[in-house]
Each structure stands twice: as C-alpha cells, then as structure tokens.
Amino acid sequence: MAFSVPWYRSLYGLFTVDHARKLMLSFFKKKPPKGNNGKINLIWHVGAGKTGTSSIQYTLHHNQQLLEKQGFKYLGLMLEGAYNNFYSWQKPALIEEFHKLTAEETENSLHQIFQDTIENARRNGIHTLIWSNESFLGRIEKTRGALKKIEELGVTVRIVVYIRQYEKWAKSAYIQWGINHKTNPGRIIPFREWIQRRKVNFFELLKPIIDDAPESLTVRNMDAVGDTTRDFLKLCHIDFADMAIHRIYESPALEEIYLRAVFNNRIEDPVLPDRFDSSIRKYLTLNSTPDQFLQKILPDNEDLQFVSDLCKQDRDRMNEYLENHGLDPIASDGYATDDPKVNTDIILQTLTEIVMAQALRIGELEKKMNNIP
C-alpha cells in the first residue's frame, strides 16, 4: 500500500480518530532507557570472619566494572558502594558506629539507602546487589529485622555464611583477634582463656535465621569448597573468567606472630594491626635465621686456611724466635672452627624487647612532634 501523504495520516482512514491519535502518540513517545523493572536480589554475605571474607571483598571491590556489566553491584562493607552516601557511618572504618544504632535508627537509615539504591539499580539494569561484612555474624538480628522491611520494596534477601572446622577457625581467629589485632585491654591472653571468652558457636549464631527464615539462608563449608572466593562468585552466578581473584591475609609466619605478640603485649589498650605495621613490619625481612646471617659474615674453615697460608712466612719466623727462647711455637697444623650456633631464645627475647620499647618511644615522640605548632 502506497500513500502520497505522510504515512501516519493513513491511520485516520483505517481507525477511528481517537484510536488513530493514541497509536500516533504511542509511536512518537520517547522510549524509556533500558533498565530492570523486576525483582532485585540482595546477597548479604555476613562471614564468618577467617573464612576468606577479606579475599571475597577485595575481589569484588577490584572488579566492580566487570560486575556491573553482568548486572551485579557491590555495595562494600558498610554500603559505601551504594549510589549515594547519606550517613557518616557508610565507611568501612566506622562499622561500630552503625552497630550502635537503635533498631528504629537502623531500620530508617537502611530503608533510605536501599530505596535510593534500588531505584538507581533498576535504572542501570542491575538485578543483584551484594553486601559483604563479617561483623554481622553474632549481632545480626537488628539489621536482619530492618532488611525484612526492605523486602517490601521488591527485594529478595539471601543470607550467605561460610563456616569451617572449629579447631582451624579457633586457631586462626586467635592469631587475628587475640594477637595481631588485640581486641582486649592488657596483656596478650593465652589461647585457652581467650577461646573460652569467644566460643566457636556457628549453629547458635545462625539458629534465629534457621528458625525464622531457613529458605533465606545459604551455609557453605569452607573446608569442603576450597577456594571461598571462587565458590562465592559461582554461588552468585557471576562469570569470573576475566576477573582477577585475590587472596588476602594469608597466615603470617611464626616469626611475625611472635614479634606482633611481644609488641602488642607492651600496650595496655586494644591495638589495631597497623600500629605494628607502621612501627616494625615495614623494616622486617625475615629471610634468614641468626645462624644463617652469621654464616655469611663469620669465617669458615676455608677462610681460616687462607689466613694460614697468608701468614706462613711471618709465622715461621715467629716460631723460630719462640724456639730460640725456649717457648712453645704457634701451631701450624691449621685451625678448625665450628658452625655458628646462636642461642635464639636469649638473643631474640633480648633484642625484641629492646626494639619494641624503642618503637613505642618513637611513636610517642612522633605524636608530640605532630602537636608542635
């Protein structure tokens, strides 16, 4: 069919006037940008700590563009990755400020953040939000109650938890929060006493969710899945073929654990790991033992034979003199030396105490220097 007039005028010959106008308006109306008007998923990863959570968080943080291309948005530890920051506590360093909020304050603030985030997510084609913070396991109920209200905005909340062998978790947790990041005042608490204060009770922590909303909970065994970062990405249905997978906070060497323990043992207050890092760790090499270091600089038997050959002429003349005076000559059959063996128990304890004391004094001096106008 051909028309000598603009094609849309032919609509008036095919339809009623009102119907034709509606068809024209619908055609010329600007189409909205492509987005997501359906359900939004919130994957809330709550730990446990010492199950690879830092590696998961670091990987998500450093692959945000790739995630968003697939429809995922990482919100960070304290929702600092949301589209807008409304509250001062939306920073990883201010986790405890958030936990101090009342239930009502928690509900109101999360509702504002997620309402804005969901609207922006839909406009940008995002279908899944990811919030990861291990501090929630053990004090989850207040925030979980607030997130129930978020479901009214068209969000499906899924809680993901990783657990591991109790003994492994206890040892790793003690090294982290009993030594590296000393969370108690006073001296380092021995393991047995520390673990009695912080019992490993995964089931008790998860029981409120198991009783109330078991369908919202996904529990993964770290020892069974191996690489928790890749397992988490698979769980979220994220294609990570082009992503850089990071491993953070590998267990420190025993030598470093020892140095941190001695350092933190001298500090009365709880102490963060970065205090040791800035004072001591940046100078550590930990690439040889005291014996190995001394072996590199002290003479061995080959070196001493070199001395014997070098001094032969002088020694012969000296011995001639001694013999002429009825004295015993200097031995000329070589001299053997033993490999150096340092009593590391004594030297390490002594030097470590000195270094830690000096580091603390330097830290105090730096504070005073910073306060000088």
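The values are calculated or read from the model by the stated rules, or taken from the named source; none is laboratory data. Source: prediction; values computed, not measured. Note that we place each Cβ from the backbone using ideal geometry, even for glycine, and neighbour counts take in every protein chain shown.
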Residue check, Leu348 over 30 Å from Ile188 (Cβ atoms), part of a helix (DSSP H, G or I) and modelled with pLDDT under 75: no
Asp231 passes all but one of the listed conditions (1) assigned by TED's automatic domain parsing to the domain that holds Lys207; (2) over 17 Å from Gly47 (Cβ atoms); (3) outside any loop (DSSP other than H, G, I, E, B); the exception is number (2)
Just checking, which of Thr218, Thr128 is over 29 Å from Asp274 (Cβ atoms) and surrounded by 20 or more Cβ atoms within 10 Å (Cβ to Cβ)? Thr128
With modelled with pLDDT of 95 or more, part of a loop (DSSP other than H, G, I, E, B) and touching a Phe, Trp or Tyr at 6+ places or on another chain (Cβ under 9 Å) as the only criterion, which of Leu79, Leu129 stands out? Leu79
Would you check if Val355 is of a type in the set (A, V, I, L, M, F, W, C) and either modelled with pLDDT under 80 or in contact with a strand residue (DSSP E or B) (Cβ under 7 Å, 6 or more places away or on another chain) (or both)? no
Considering (1) assigned by TED's automatic domain parsing to the domain that holds Gln176; (2) of a type in the set (D, E, K, R); (3) surrounded by 12 or more Cβ atoms within 10 Å (Cβ to Cβ); (4) more than 20 Å from Arg158 (Cα to Cα), say which one Arg275 fails and leave the rest. (1)
Counting only residues in segment 244-276 that are part of a loop (DSSP other than H, G, I, E, B) and more than 17 Å from the chain's Cα centre (by Cα), the one modelled with the lowest pLDDT is identified as Ala253
Restricting segment 145-195 to residues that are in contact with a Pro (Cβ under 7 Å, 6 or more places away or on another chain) and assigned to a loop (DSSP other than H, G, I, E, B), the residue that is surrounded by the fewest Cβ atoms within 10 Å (Cβ to Cβ): Pro185
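Quick test for you: out of Glu167, Glu256, pick the one residue that is outside the structural domain of Leu360 (by TED's automatic domain parsing) and over 26 Å from Ile140 (Cα atoms).
Glu256
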When every residue in segment 283-328 that is touching a Pro at 6+ places or on another chain (Cβ under 7 Å) and modelled with pLDDT of 70 or more is compared, the one farthest from Ile346 (Cα to Cα) is Glu323
Just checking, which of Glu107, Glu97, Glu119 is surrounded by 18 or more Cβ atoms within 10 Å (Cβ to Cβ) and in a helix (DSSP H, G or I)? Glu107
Just checking, which of Asn41, Asn63, Asn36 is farther than 30 Å from Gly178 by Cα and at pLDDT below 95? Asn36
Given (1) in contact with a helix residue (DSSP H, G or I) (Cβ under 8 Å, 6 or more places away or on another chain); (2) at pLDDT 90 or above; (3) outside any helix (DSSP H, G or I), number of the condition Ala241 does not satisfy: (1)
Return a yes/no flag: does segment 242-249 have any residue that is touching a strand residue (DSSP E or B) at 6+ places or on another chain (Cβ under 6 Å), surrounded by 13 or more Cβ atoms within 10 Å (Cβ to Cβ) and closer than 30 Å to Lys142 by Cβ. no
